[in-house]
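The values are calculated or read from the model by the stated rules, or taken from the named source; none is laboratory data. Computed from a predicted model, the values in this text were never measured in an experiment. Cβ: placed from backbone, ideal geometry, glycine included. Neighbour counts: every protein chain shown. Remember, those area values only see protein heavy atoms, side chains included, never the ligands or the DNA or RNA. Shrake-Rupley method; radii C 1.70, N 1.55, O 1.52, S 1.80 Å.
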Amino acid sequence: MLLLTEIKEIHKESGEIYGSPKILKTLLSKGYLCNKKLVERLMKIARISSKIKRKFKISTTNSNHKESISPNRLHLPF
């Protein structure tokens, strides 16, 4: 399975980040004839998967400060 070893090599070189679309694009640029479904099937057989990055979430609340708390001028029950 020459194609599977090439897929493993591309995946390893990418830092195990690439999924089937980018691996397919790399294989096509190297001259291999294949399609996305074949690459997906071979990756599934070899148990290769891409690392999924989480979306960056900004945390703006810092409740551990020494500043005084503003008075409740609207008289809402907080």
### Query
Applying the selection to the range 9-21, what residues are assigned to a helix (DSSP H, G or I) and surrounded by 15 or more Cβ atoms within 10 Å (Cβ to Cβ)?
Ile10, His11, Ser20
### Query
Does Thr5 count as hydroxyl-bearing (Ser, Thr, Tyr) and either touching a residue at least 60 places away in the same chain (Cβ under 8 Å) or open to solvent by 100 Å² or more (accessible area, probe 1.4 Å) (or both)?
no
### Query
Of these, Ser63, Ser29, Ser70, Ser59, which one is modelled with pLDDT of 95 or more and surrounded by fewer than 10 Cβ atoms within 10 Å (Cβ to Cβ)?
Ser29
### Query
within 19 Å of Met1 (Cβ to Cβ), in contact with an Asp or Glu (Cβ under 7 Å, 6 or more places away or on another chain) and among the aliphatic types (A, V, I, L, M): does that describe Leu33?
no
### Query
Going by the structure shown, is Arg54 assigned to a helix (DSSP H, G or I), open to solvent by 60 Å² or more (accessible area, probe 1.4 Å), charged (D, E, K, R) and free of Cβ contacts under 8 Å to residues at least 12 places away in the same chain?
no
### Task
Could you check how many residues of the range 36-51 are over 10 Å from Ile7 (Cα atoms) and in a loop (DSSP other than H, G, I, E, B)?
4
